[in-house]
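Structure first, commentary second.
All of the numbers you see were taken from the coordinates with simple rules; none came from a lab. Computed from a prediction, not measured in an experiment: that's the story for all the values here. Heads up, the Cβs are rebuilt from the backbone with ideal geometry, glycines too, and the neighbour counts pull from every protein chain shown.
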Amino acid sequence: MRYLPLTDRDRRDMLAAIGVAGIDDLFRDVPPAVRLDGPVDLPPHQGEMAVERAFAAWAGQNLSPGRAPSFLGAGAYRHHIPAIADHLIQRGEFLTAYTPYQPEVSQGTLQYLFEFQTQVALITGMEVANASMYDGATATSEAVLMAGRVTRRNRVVLSAGLHPHYREVARTNLGYLGMETVAPEPDDDGGEADLAALVDDATACVVVQNPDFFGRLHDLSALAAACQAAGALLVCAVTEVVSLGAVKAPGDMGADIVAAEGQSLGNGTGFGGPHVGLLAVRQKHLRQMPGRLVGETADADGRRGYVLTLSTREQHIRREKATSNICTNSGLCALAFNIHLTLLGERGFRHLAALNHATAAGLADRLAAVDGVTVLNDTFFNEFTVRLAKPAGAVVEALADRGILGGVPVSRLYPDRPDLADLMLVAATETVTEDDADRLCAALKEVLA
Amino acid sequence: MSAPETFTGNRGLQLEEPLTFETGDPALSAVDLPPVPEAPDRLGGLAREGEIGLPGLSEPQVMRHYLRLSQKNYAIDAGFYPLGSCTMKHNPRLNEKVARLPGLGDLHPLQPVSTVQGALAVMDACAHWLKTLTGMPAVAMSPAAGAHGELTGLMTIRAALEAAGDARAKVLVPESAHGTNPASAHFCGYGVESIPANDRGRVDLAAFKDKLGGDVAAVMLTNPNTCGLFEDEILEIAEAIHGIGGYFYCDGANFNAIVGRVRPGDLGIDCMHLNLHKTFSTPHGGGGPGSGPVVLSAPLAPFAPLPYVVHGPDGFRLVEHAADSDGRPFGRVKGFHGQFGVFVRALAYMMSMGSDGLRQVSEDAVLNANYLLAGLKDDLSPSFDGPCMHEVLFDDHFLRNTGVSTLDMAKALIDEGFHPMTMYFPLVVHGALLMEPTETESKETLDLFIATVRDLARRAKAGEADSFHAAPRLTPRRRLDETLAARKPVLRWTPPAPAADAAD
Amino acid sequence: MSDTYYTRDHEWIRVDGDIGTVGISEYAQEQLGDVVFVELPEPGKAFDQGDEAAVVESVKAASEIYAPITGAVVEANGDLDDDPSKVNADAEGDGWFFRMTVADPAELEDMMDGNAYKAYVAELDD
């Protein structure tokens, strides 16, 4: 077996050195009744060729978005990832290192995380960012728990424009800590009433998303002011970080905490994971922040270096009093994010965002001209909502039959809302070509006819 | 500050590397994009203005930056990484290859399920392997890491208890537990009470039974525990917790010790997370991503969170909403469907090893750890009598009056080309040194490691404390000032002050 | 005239009139190592004897500081925010944590004086 270096002779010699007769003697603390006599009922070991063949067969049963015009978004976005990014994250020194607990032999990881923290703080318009969370949904939930600790309040307002998965994860987590959730449902076009009216002096935070789940953009300044007046925090979730290259940053509109999904940079959609959660806060709330932080310091020779710091917030020291139970996070996905954003640079990031926006705007205009399609958004970044003349779930299936991944039917996430059944989210990133748009419009004409 | 030996500060292959923010030119970009088509702006007056502050580099500059950074890291690819309770085993590259296949790596989580039947089959197959290896009837696949699995498992337990009318108030956790255990219990709304250990390093059964009452929701044990010992009274523990209507949570971080030889389901365990990034060989990636599926006993299975895969007449289906579920899911813990990319890698590993190979894994892992114990027991101080399981625990008794600490030993090992063992954990012995070799280390590696540690122990006892305090000396950086970092946190790069202000 | 009393958890309280000044002992600061942060209570906050009142952190540990007596906080040592190393440099002087009212002077009677505490610590080190 190719991953096992011990030979039978090694095993015999080692047992002799230990001073036992056989391997079973080393398992003698296991009650005999529960020791298995032989292998469990699963197939025996296989070589690379056989395993690869099995996965190729599974892959072949799926419609790869790389081989189909794809307009899927709703929290996961297909972007072009430069070849060098995937090469670099597979460097064994990055891929197969552990958490950088021994800083003298982990400066590579620590430095890229320090750069990552800086990038996240800059693009979100915040002061401090941590070294990553699992994903956008869990980062948002952590942001809410953090707001509870900062304000010592337990009422939370979740916008109807927040991704339904983010809402569900937050609601699931909050209940155990006695926190109360106010979560208005979206209107029949995905809009909602002014959230400021829901803020009171028991409110820990209001959670909004920008662009929201239906793609609309919001000026958060007034809501931020309303939160501040009531002593509540404004948490802004971002599911598409490329938008931050074109849209005013949440931090510049008064958000106190930004929780984001960083998948769009450096990471594939990967059927939903692993992705990378971003969490950025104001400096004054730093000690209530969950997750790992890398800080700058100096070594014994006075040279600049980096270490994990402020660890007393974390579970391995604070146990049940920690700010979170998180340990393993999304290190390698954070590296992919860091590399992609470094490759883009200021100019490339702005360009990528502008290209996404223009591509989506062009598509929206073309779709608006198709009979049976109404574009609902006045504002958007690279994703918008259309109302179709037929139920969106069936339309999406019909498009898939034609080899097109046409959009996400809102009913996939709101199956209990018949009034939303005709709505479809359509995303257009830089990967969408003119030909893709032609095919979508032509197919929709057929399907809606 | 000692002067650098070279003009550049570089030392041969050890190349100094500034932050990206200190290099390049904002005019540069390493990505060539098509021109932006003319279209009216739909940003509603919310266009971002001003510089963000990102640097600009070309592709060759980016390549060197990260390559140089990579060379400052130790890694399992490079050498022995005996971190206890972390299971740093070889990470097969076949896993990486199949995870990147078009049709697996690039799928969108919300594609119509008719277009992702192969992906759902992968999730189902991965679940089948995990259920069979653990002897459990159900598994929640979505948790993103071990701690997330713990929280998910406790939420499942809480849901089952609530359904029976009483969520109860507390969870019992041994003092030797990972910090994530009490933290997870807290975030599930439970109080935490410690269970003492006996002098054999296991749960003190009598003391444990004394703590059992109607307010105990669950016990959380790691088995083998973090002292590297199998809880030999585990069947009695299971019977006792079940006797008061509580549930048995097992932290599966140490499953590598028993995989293929013992099924947790046979031990009376109700709930256990599996760290796919430990036992099942997926890379740690410098701190993640992980994946922490939770296997569940029959009484807990109906309460598993959304989503999950089922097999119906028309193929595989994803149950994403409570209304579609036959059970009583307690909620959702993560966006989308879990760490699919990690499932692919773990399944590739399990299929490669097979049922026979996985049984050999635990045998070799335990053999290697006992070989370390045998080789080191005369020079170090083992905390407990052997045999151990997949990891072996020493305390710092052997360093008494040498002026050398566990930390110093760790730093000296770095100069010798090894990654240190886990230090100062578990907390139940003084100055802990916890070593986990895993099954993917050769006898030659173990022999060299044993000889090295013995040599260090002898040097410590011979009064060479000063050389230990100076270690490591051969690394890209020497010991770093963690006090400075914590007292004056600098957590991001900021542009240097304008020249006028900076002038002395 | 002021008197210093010690707890078994290594806090000290020095009473001057009806106000007590609270900190951690020289022995405690040595055990902790370099103090990097002290979380102090807000003035006005009332404690019962034994309540968690503050947290003192080193790089690798966080320890709760308990109110040695019942009373209300009148002042916290803001200097520690900027320079927590004062706790290491002068634990029983400039490194004080907070000042509080003395609700029940009888509580002081059960505490150790300097000599008794010295003996207590000596026993711990054995």
Check your understanding: Summing +1 for each Lys or Arg and -1 for each Asp or Glu, what net charge is found among the other residues whose Cβ lies under 13 Å from the Cβ of residue C:93?
Key -> -3
Practice item. Please figure out what share of the DSSP beta bridges in segment A:83-341 is antiparallel and state it in percent, rounded to the nearest 5. Key: 45
Check your understanding: Which residues in segment C:6-29 have a backbone N closer than 18 Å to a point placed 7 Å from the Cα of residue C:119 along the Cα-to-Cβ line?
Key -> C:6-10
**Study point:** Net charge over other residues, Cβ less than 10 angstrom from the Cβ of residue A:285 (K, R count +1; D, E count -1)
**Key:** +2
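Can you give the convex hull volume per residue for the Cα atoms of segment B:263-314, as a whole number of Å³? Walk me through the numbers on the way to the answer.
On the way: hull volume 7.4 nm³, N = 52.
Measuring per residue, one finds 142 Å³ for the Cα hull of segment B:263-314.
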Practice item. For chain B, return all DSSP H helices satisfying: extent of Cα atoms along own axis at least 30 Å; mean Kyte-Doolittle hydropathy at least 0.0. Key: B:340-376
**Study point:** Radius of gyration, Dmax [segment A:83-341; alpha carbons; angstrom]
**Key:** 18.0, 64
Study note, to complete from the structure: At R0 = 51 Å the Cβ-Cβ FRET efficiency linking residue B:494 and residue B:163, nearest 0.05, sits at 0.45
Review point. Between rounded, prolate and oblate, where does segment A:113-229 land on the alpha carbon gyration tensor, with a ≥ b ≥ c its root eigenvalues, rounded for a/c under 1.5, else prolate if a/b exceeds b/c?
Key: rounded
Exercise for review: Any chance you could list P(r) for the protein assembly as shown, counting all Cα-Cα pairs in 20 angstrom bins from zero, rounded to whole %?
Suggested key: 12, 44, 35, 8, 0
Revision key, fill the gap. Rounded to the angstrom and largest first, Cα extents along the principal axes for segment A:8-60 equal 51, 30, 12
Practice item. Quick one: angle between helix A:48-60 and the longest Cα principal axis of chain A, in degrees between 0 and 90, rounded to 10, please. Key: 10
Check your understanding: Peptide B:340-348: average number of partner chain Cβ atoms within 10 Å per residue?
Key -> 4
**Study point:** Semi-axis lengths, Å, chain A, gyration tensor of Cα atoms, sqrt of 5 times eigenvalues
**Key:** 41, 31, 23
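Mind running the shape call on chain B? Use the C-alpha gyration tensor, a ≥ b ≥ c as the square roots of the eigenvalues: rounded below 1.5 for a/c, prolate if a/b tops b/c, oblate otherwise.
Details: a/c = 1.74, a/b = 1.08, b/c = 1.61.
Cα axes put chain B in the oblate bin.
What pairs from B:72/B:131; A:248/A:284; B:278/B:377; C:86/C:118 go past 29 Å between their alpha carbons?
Result: B:72/B:131 exceed 29 Å.
Evaluate E = 1/(1 + (r/R0)^6) for residue B:242 and residue A:365, where r is the Cβ-Cβ distance and R0 equals 51 Å; express this FRET efficiency to the nearest 0.05. Intermediate values should be presented prior to the final figure.
Values: r = 64 Å, r/R0 = 1.26.
In this case the efficiency is close to 0.20.
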Practice item. May I ask for log10 I(q)/I(0) of segment C:3-103 at q = 0.12, 0.13, 0.18, 0.24 Å⁻¹, from a Debye sum over the Cα atoms as equal point scatterers with solvent left out? Key: -0.31, -0.37, -0.73, -1.35
Practice item. With just the Cα atoms of segment B:90-247, tell me how far they stretch along each of the three principal axes, in Å, largest first. Key: 56, 40, 26
Check your understanding: If you take the alpha carbon radius of gyration of segment B:430-504 and divide it by 2.2 N^0.38 Å, what ratio comes out, to two decimals?
Key -> 1.83
Check your understanding: When only Cα pairs under 8 Å and 6 or more residues apart are kept, what is the percent relative contact order across segment B:1-63?
Key -> 43
Point to revise | Distance (nanometres) between label positions extended 7 Å along Cα→Cβ at residue C:51 and residue C:108 | key: 2.0
